[in-house]
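Note sheet for the following structure.
The values are calculated or read from the model by the stated rules, or taken from the named source; none is laboratory data. Everything numeric here is computed off the predicted structure, so don't read it as measured data. A quick note on method: Cβ atoms are made from the backbone with ideal geometry, for glycine too, and the neighbour counts reach across all protein chains shown. Please note that ligands, DNA and RNA were not included when accessible areas were found on the heavy atoms of the full protein model with its side chains. Shrake-Rupley method; radii C 1.70, N 1.55, O 1.52, S 1.80 Å.
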Amino acid sequence: VAYAVLNDVEPHQARYLLSHEGLGVISFDTKEYTDFSGFEDILRGIYNATNPQAQLGRALAGRTILWADPDPDDTSYGARLLGEAAADSGGDARVVPLRTAGDAAEWLRSEAAELVIADWPLADDLLRTMRAEDLRAPVIVFARNVGVAERAASMSLGATDVVTEWGDLFREIDRVISTAV
């Protein structure tokens, strides 16, 4: 059910806690050390393995993402979040903000992108153009007000997903980029 980071837990004690309390134990040794560096190493490992921003940043490092949205506030906020995630992981991500489906298609005709994030209804035009011209890049539709019909249309045109929340967008970015590698 849960894990606890505890010092100096013997193996039989850890087994007892797991079987009787449902508590997994991550033990670190303080008998030979006085600086708790083992504990800090464990915390660093847990952070690196579970921090969503760190995971996203590692996935984005060195990648180019097109963000097609007519609202400059959405693209600047999103670009900042993705750039910060990549920077925090020691990398960088190139996020290219574009305002129209035509601009995004033009970009894809001349340069590669590992991912496209597009607002609705701009995504509909972009996905149709990409299909007609065989322009290839995974597309995530990110829009607040998308109904069932718009979702179905986007998915039938090749979108990887249609998401409405930032957390879902970050998970889908990580999924798409991780499976592309």
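Overview of values
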| read-out | value |
| --- | --- |
| Principal-axis tilt of helix 37-50 within the chain, Cα atoms, nearest 10 degrees | 30 |
| Residue-level accessible surface for Thr50, protein heavy atoms, 1.4 Å, Å² | 90 |
| Placed amide H near Val96: partners under 5 Å, 5+ positions off or other chain | Ile65, Leu66, Trp67 |
| DSSP bridge orientation in the stretch 35-181 - percent antiparallel, rounded to nearest 5 | 0 |
| Candidate residues Leu6, Leu126: accessible-area rank, largest first, probe 1.4 Å | Leu6, Leu126 |
| Potential lengthening between Met155 and Ser76 on full extension [0.36 nm per residue; Cα-Cα distance subtracted] | 25.9 nm |
| Residue-normalised accessible area of the stretch 20-84, expressed per residue, 1.4 Å probe, Å² | 58 |
| Expected-Rg normalisation [2.2 N^0.38 Å, Cα atoms] applied to the chain | 1.38 |
| Only Lys, Arg (+1) and Asp, Glu (-1) charged, at Cβ; the stretch 123-180 dipole about Cα centre in debye | 60 |
| Carbon plus sulfur fraction of accessible area for the stretch 65-146, probe 1.4 Å, in percent | 45 |
| Tilt relative to the chain, helix 101-110 - C-alpha long axis, 0 to 90 degrees, to 10 | 80 |
| Virtual spin-label span in nm between Trp166 and Arg44, 7 Å along Cα→Cβ | 2.9 |
| In Å², nearest 10: area of Asp134 left accessible to a 1.4 Å probe | 100 |
| Förster radius 25 Å - calculated FRET efficiency between Asn7 and Asn51 (Cβ-Cβ, nearest 0.05) | 0.60 |
| Largest-first ordering by accessible area, 1.4 Å probe, given options Phe142, Phe39 | Phe39, Phe142 |
| On Cα atoms only, tilt of 166-180 relative to the major axis of the chain in degrees | 90 |
